[in-house]
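Trainee: Take a look at this one; I'll ask things after.
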Amino acid sequence: MVVQKSRPVQLSLTLTVETALSIGAGGSSGGFADKTIVRKADNLLLVPGSHLKGRLRHACEVIARAAGYEVCSGPRAEKLCPQRESKPNPAGRVSLNKLTGQEHDSNDQYCIVCQLFGAPAYPSPLQFHDLVLEEAEIDSTATSEEAKKEEKQARLGLHGLAVVRPGVSVNRMRGVAEDNRLYFTETTRPGIGVRFSNVKAISGSLPLIEGGPTEDEYLKLLIGALCFNRQWGGGKTRGLGWAELHFEFNSNPDWLPAKLGFSEDHAAPKSSQSDPTPSFKRAENATELILTLEALSPLSLSDRKPDSEFRRSQSFIPGRVLRGALAGYLRSSGKAALFEQLFSTPEGQLLNHFGHAMPTDEKFRAGYNAPTTARTCKHDTKHGVFDTLIDLLVYEERLRSKGRNGPIYAPECPNCRGRLEALVRLLIEQGDGKYESISPPEGRMLTRVAINRRRAVAEDSLLYSPLVINEGAKFQARIKLQDSASASDLFDFLEHTPEFHIGGGRSRGLGLVRVVSLEARAYDVEKSAREIQKRVEAFNKKLNEKLQVEDKEKLYLTLGARSELALAGEVWQLETELKDLEASVVRNFVGITQRSGWNQAWGLMLDTQLLVTAGSVYVLSVSHRVSGQKDFYQKLADLEHNGLGEGQSIGYGTIAICEPFHYTYTQK
């Protein structure tokens with residue numbers, strides 16, 4: 001094992017624009033300009049973290065070459081580190097083994113710039129976040145908070161600080177305007193001192209490797225790059241983008257520019273903004289954490305690598321992504337003991353479950369995929385949501401009793417007698433048999449382009465457009481740990497450091513989340529067993545009322561998949577999973593999907609798995625002899641708590657037994 005050291009670093013940046021600024025978002029819409037400027041989801045202007053990272057990396061390459069370091073040339077992957085052909089003992093280069101702190105088969109060398117900004121095979125240790133337009137207080141005559149918010153957005157967003165500048169291409173031979181070459185560029189309004197800032201604009205760590213660059217070398221290179229850039233965005237040769245960048249180290253007050261040979265003219269002003277206080281609730285002997293996250297920047301949670309420039313994000317945070325993000329966060333924060341306890345021991349890998357983080361509403365109530373039997377009116381969604389499970393079972397039982405086949409069951413809307421369609425939205429349980437359906441969180445398309453380091457223009461064929469989830473979206477996950485000590489340690493860690501990164505694009509300003517609510521709960525098997533018994537009895541009562549006859553030999557119950565199920569045996573029968581309950585599958589409403597992924601710790605692609613989709617429903621039957629046993633409902637409670645099948649540690653296997661939705665929303 002190679003020993004690796006690092007030094008945490010965090011910088012506050014403030015960019016004061018002196019002339020018009022144009023940071024384009026190609027492919028965006030919302031105006032008649034050919035090139036619009038990039039915005040947040042609420043239309044406020046920003047300087048994206050990808051632009052900040054690209055400008056600083058370009059400056060670092062220029063400075064490092066001038067200082068005598070051997071530096072690779074981007075932006076294409078084949079020209080970045082590791083380079084196969086290099087000089088003997090190149091200045092500033094470090095092997096991959098020392099850089100990652102793990103033994104690898106390769107001894108490839110990485111230059112000083114790639115050590116800070118990353119390469120295709122090595123993630124950046126620094127994260128660059130968006131610089132957001134400072135929202136100054138505005139004298140407003142509006143009375144309601146909503147009206148004040150709309151007025152502020154109007155002044156600071158789409159109309160207040162943005163102007164459209166016309167331009168025309170000139171014919172080089174004739175010296176006149178070229179035909180059909182009129183274009184419009186959207187910029188900020190010049191001359192009003194627009195300021196963009198972020199108190200955590202750059203965060204991460206400096207890799208301190210024996211035989212590699214020293215701490216002073218990294219800091220001088222980084223501060224030099226911050227002082228080097230005087231123009232930002234596009235149109236720099238036409239007078240756009242002149243700005244002054246101020247910075248301050250928040251992580252270590254001893255890292256003063258004056259001590260490294262730089263002036264103090266770039267000190268950033270203090271920010272008066274404060275983060276809202278999260279909500280934390282602790283319980284004794286708790287082994288389950290209810291974690292609510294808020295996206296502070298756009299989230300890129302791609303399911304798989306695409307075959308085009310568009311990279312779509314999932315509408316929830318998968319358990320494997322949450323688990324990997326927490327593992328990396330614990331390791332980078334120096335919590336080696338807690339990391340080993342949760343992720344390295346065999347017990348931790350098998351018994352610690354990280355569920356999917358599903359979207360929530362304003363009251364922090366998590367949604368889940370609607371059952372496959374849920375329907376809504378195709379003509380008018382205001383007619384409500386219905387469940388067809390019991391009616392379908394009754395319809396098939398009556399046909400079976402008559403010994404003949406009939407037409408396919410086609411339910412109708414009870415309000416307008418119109419056709420129904422499958423419900424593809426999320427459900428939120430409100431209590432007392434009431435449910436609310438919500439849409440997945442909103443997203444948008446970001447457009448990014450690699451910059452040619454030599455010509456300082458867009459590189460050909462390197463335009464890409466990730467589809468991300470908007471900032472402000474909230475998600476909730478359940479983390480079930482093997483013992484209360486692990487839960488308490490993780491609770492304390494998240495309480496003191498509630499912000500971390502998740503998903504892709506972390507070093508380019510994406511994936512920053514904050515813990516806004518954390519609750520620790522203890523699992524009570526007897527209480528859960530009583531609740532499940534009430535649900536099972538209510539479901540059978542409703543089913544018997546529809547059948548108009550009581551089955552005295554069997555008890556029926558439903559098993560609904562709240563997340564994907566990774567089953568060992570035949571997905572239609574569940575013989576292996578239900579052996580202890582002596583239950584058999586009567587009917588199933590199952591969908592099949594495939595999942596793969598990438599294991600960053602191994603550096604390998606995961607095997608493609610065949611999974612049962614979330615929302616699938618199984619109808620089971622159990623003899624009264626088995627259901628009358630004393631520990632029957634305790635077994636059901638443990639099954640619902642621990643999950644079904646494999647892969648519970650990464651979010652699979654979450655189920656609900658006899659969900660009230662099936663017998664509270666049925667056709668009349």
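Trainee: Within segment 473-520, count every residue that is in contact with an Asp or Glu (Cβ under 7 Å, 6 or more places away or on another chain), part of a loop (DSSP other than H, G, I, E, B) and of a type outside the set (S, T, N, Q).
Mentor: Residues in segment 473-520 being in contact with an Asp or Glu (Cβ under 7 Å, 6 or more places away or on another chain), part of a loop (DSSP other than H, G, I, E, B) and of a type outside the set (S, T, N, Q): 1 in total.
Trainee: Counting only residues that are buried (at least 20 other Cβ atoms within 10 Å of the Cβ) and of a type in the set (G, A, S), which one in segment 61-83 is modelled with the lowest pLDDT?
Mentor: G74
Trainee: Inside segment 307-325, can you point out the residues that are touching a helix residue (DSSP H, G or I) at 6+ places or on another chain (Cβ under 8 Å) and either modelled with pLDDT under 90 or in a loop (DSSP other than H, G, I, E, B) (or both)?
Mentor: If the condition is that a residue be touching a helix residue (DSSP H, G or I) at 6+ places or on another chain (Cβ under 8 Å) and either modelled with pLDDT under 90 or in a loop (DSSP other than H, G, I, E, B) (or both), then P318 is the only one that fits.
Trainee: In addition: Tell me the residue from G355, G384 that is at pLDDT below 90, outside the structural domain of P207 (by TED's automatic domain parsing) and not polar (S, T, N, Q), please.
Mentor: Only one candidate qualifies: G384.
Trainee: May I ask you to list the residues in segment 359-373 that are closer than 23 Å to A410 by Cβ and in contact with a Gly (Cβ under 8 Å, 6 or more places away or on another chain)? First the steps, then the outcome.
Mentor: Going through segment 359-373, the residues closer than 23 Å to A410 by Cβ turn out to be 370-373.
Selection gives A370, P371, T372.
Trainee: Another question about this same structure. Looking at K552, K542, K546, K527, which one is of a type in the set (D, E, K, R), in a loop (DSSP other than H, G, I, E, B) and closer than 30 Å to V619 by Cα?
Mentor: Of the residues listed, the single one that is of a type in the set (D, E, K, R), in a loop (DSSP other than H, G, I, E, B) and closer than 30 Å to V619 by Cα is K552.
Trainee: Of the residues L326, L389, L420, only one is farther than 20 Å from T654 by Cβ and either of a type in the set (F, W, Y) or touching a residue at least 12 places away in the same chain (Cβ under 8 Å) (or both); which?
Mentor: Just a single option satisfies the conditions, and that option is L420.
Trainee: To continue, here is another question. State the number of residues belonging to segment 450-472 that are within 26 Å of A119 (Cβ to Cβ) and either in the same structural domain as G24 (by TED's automatic domain parsing) or in contact with an Asp or Glu (Cβ under 7 Å, 6 or more places away or on another chain) (or both). So that I can check it myself, show each step before the final result.
Mentor: Initially, segment 450-472 is screened for residues within 26 Å of A119 (Cβ to Cβ), giving 450-468.
Checking the rest, the ones that are also either in the same structural domain as G24 (by TED's automatic domain parsing) or in contact with an Asp or Glu (Cβ under 7 Å, 6 or more places away or on another chain) (or both) come to 450-453, 463-465.
Qualifying residue count, segment 450-472: 7.
Trainee: Looking at segment 486-504, is at least one residue on the phi > 0 side of the Ramachandran plot and small (G, A, S)? Write out each step before concluding.
Mentor: Restricting attention to segment 486-504, the residues satisfying the condition of being on the phi > 0 side of the Ramachandran plot are 503.
With the extra rule that they be small (G, A, S), the set shrinks to 503.
Yes, segment 486-504 contains a residue that is on the phi > 0 side of the Ramachandran plot and small (G, A, S).
Trainee: Quick check on segment 236-254: of everything there that is part of a loop (DSSP other than H, G, I, E, B) and either outside the structural domain of I23 (by TED's automatic domain parsing) or within 33 Å of the chain's Cα centre (by Cα) (or both), which residue is modelled with the highest pLDDT?
Mentor: This residue is G241.
Trainee: Something else about it: Tally the residues that are surrounded by 15 or more Cβ atoms within 10 Å (Cβ to Cβ) and not hydrophobic (A, V, I, L, M, F, W, C), restricting the search to segment 532-550. Let's see the steps before the verdict.
Mentor: Within segment 532-550, the subset surrounded by 15 or more Cβ atoms within 10 Å (Cβ to Cβ) is 532-533, 535-536, 538-540, 542-543, 546-547.
Keeping just the survivors that are not hydrophobic (A, V, I, L, M, F, W, C) gives 533, 535, 540, 542, 546.
Residues flagged as surrounded by 15 or more Cβ atoms within 10 Å (Cβ to Cβ) and not hydrophobic (A, V, I, L, M, F, W, C) within segment 532-550 amount to 5.
Trainee: Give me the residue from segment 350-362 that is in a strand (DSSP E or B) and touching a helix residue (DSSP H, G or I) at 6+ places or on another chain (Cβ under 8 Å) and, out of that set, surrounded by the fewest Cβ atoms within 10 Å (Cβ to Cβ).
Mentor: H353
Trainee: Something else: How about segment 618-668: which helices (runs of 4 or more DSSP H) wholly inside it have at least 3 residues that are closer than 21 Å to V590 by Cβ?
Mentor: Details: elements: 624-627, 632-642, 661-664.
In segment 618-668, 632-642, 661-664 are the helices (runs of 4 or more DSSP H) which contain 3 or more residues that are closer than 21 Å to V590 by Cβ.
Trainee: Now for a different question. Looking at segment 90-111, can you tell me whether even one residue there is assigned to a loop (DSSP other than H, G, I, E, B), modelled with pLDDT of 80 or more and either in contact with a helix residue (DSSP H, G or I) (Cβ under 6 Å, 6 or more places away or on another chain) or of a type in the set (F, W, Y) (or both)?
Mentor: No; the residues of segment 90-111 include none that is assigned to a loop (DSSP other than H, G, I, E, B), modelled with pLDDT of 80 or more and either in contact with a helix residue (DSSP H, G or I) (Cβ under 6 Å, 6 or more places away or on another chain) or of a type in the set (F, W, Y) (or both).
Trainee: Of everything in segment 559-585, what is crowded, with 16+ Cβ neighbours inside 10 Å and in a strand (DSSP E or B)? Give them in sequence order. Write out each step before concluding.
Mentor: Applying the first criterion (crowded, with 16+ Cβ neighbours inside 10 Å) to segment 559-585 yields 559-567, 571, 574, 577-578, 581, 583, 585.
Result: L559, G560, A561, L565, A566, V585.
Trainee: Scan L427, L420 and give me the residue that is farther than 18 Å from L299 by Cα, surrounded by 15 or more Cβ atoms within 10 Å (Cβ to Cβ) and under 24 Å from the mean Cα position of the chain (by Cα).
Mentor: L427
Trainee: Picking from L56, L46, which residue would you name as being at pLDDT below 90 and not in a loop (DSSP other than H, G, I, E, B)? Can you show your working first?
Mentor: On the way: L56 fails: at pLDDT below 90.
Just one listed residue meets the conditions, L46.
Trainee: In addition: Please verify whether segment 654-667 includes one or more residues that are among the small types (G, A, S) and more than 18 Å from A538 (Cα to Cα).
Mentor: no
Trainee: For segment 498-519: of the residues being buried (at least 23 other Cβ atoms within 10 Å of the Cβ) and aliphatic (A, V, I, L, M), which is farthest from T287 (Cα to Cα)?
Mentor: L510
Trainee: Now for a separate question. Would a scan of segment 651-667 turn up a residue that is modelled with pLDDT under 90, surrounded by fewer than 22 Cβ atoms within 10 Å (Cβ to Cβ), out of contact with any Asp or Glu (no Cβ under 9 Å at 6 or more places or on another chain) and not hydroxyl-bearing (S, T, Y)?
Mentor: No: zero hits.
Trainee: Given the conditions (1) among the hydrophobic types (A, V, I, L, M, F, W, C); (2) under 23 Å from the mean Cα position of the chain (by Cα); (3) surrounded by 16 or more Cβ atoms within 10 Å (Cβ to Cβ), which single one is not true for W598?
Mentor: With respect to (1) among the hydrophobic types (A, V, I, L, M, F, W, C); (2) under 23 Å from the mean Cα position of the chain (by Cα); (3) surrounded by 16 or more Cβ atoms within 10 Å (Cβ to Cβ), W598 is out only on (3).
Trainee: Next question. If I ask for residues that are hydroxyl-bearing (S, T, Y) and more than 30 Å from P359 (Cβ to Cβ), which ones from segment 391-435 would you list?
Mentor: Y395, S401, Y409
Trainee: Here are S507, S517: which of them is small (G, A, S), at pLDDT 90 or above and closer than 30 Å to S333 by Cα?
Mentor: When all the criteria are applied, what remains is S517.
Trainee: If G569 satisfies all but one of (1) within 27 Å of R320 (Cβ to Cβ); (2) in contact (Cβ under 8 Å) with a residue 12 or more places away in the chain, what's the number of the condition it fails?
Mentor: For G569, the failing item is (2).
Trainee: Right, next: Picking from V622, V626, which residue would you name as being of a type in the set (A, V, I, L, M, F, W, C), buried (at least 19 other Cβ atoms within 10 Å of the Cβ) and either at pLDDT 90 or above or more than 22 Å from T664 (Cα to Cα) (or both)?
Mentor: Of the residues listed, the single one that is of a type in the set (A, V, I, L, M, F, W, C), buried (at least 19 other Cβ atoms within 10 Å of the Cβ) and either at pLDDT 90 or above or more than 22 Å from T664 (Cα to Cα) (or both) is V622.
Trainee: Is it fair to say G191 is closer than 22 Å to L11 by Cα and either more than 29 Å from the chain's Cα centre (by Cα) or buried (at least 18 other Cβ atoms within 10 Å of the Cβ) (or both)? So that I can check it myself, show each step before the final result.
Mentor: Numbers: closer than 22 Å to L11 by Cα: no; either more than 29 Å from the chain's Cα centre (by Cα) or buried (at least 18 other Cβ atoms within 10 Å of the Cβ) (or both): yes.
For G191, the condition - closer than 22 Å to L11 by Cα and either more than 29 Å from the chain's Cα centre (by Cα) or buried (at least 18 other Cβ atoms within 10 Å of the Cβ) (or both) - is not met.
Trainee: May I pose another question? Which count do you get for residues in segment 137-167 that are under 23 Å from L240 (Cα atoms) and either surrounded by 12 or more Cβ atoms within 10 Å (Cβ to Cβ) or at pLDDT below 85 (or both)? Can you show your working first?
Mentor: Kept after step one, since they are under 23 Å from L240 (Cα atoms), are these residues of segment 137-167: 155-167.
Subsequent filtering for residues that are either surrounded by 12 or more Cβ atoms within 10 Å (Cβ to Cβ) or at pLDDT below 85 (or both) retains 155-165, 167.
Going through segment 137-167 one residue at a time, the tally reaches 12.
The values are calculated or read from the model by the stated rules, or taken from the named source; none is laboratory data. This one's a predicted model, so the numbers in the text were calculated from it and none came from an experiment. All Cβ positions, glycine included, derive from the backbone under ideal geometry; neighbour counts span all protein chains shown.
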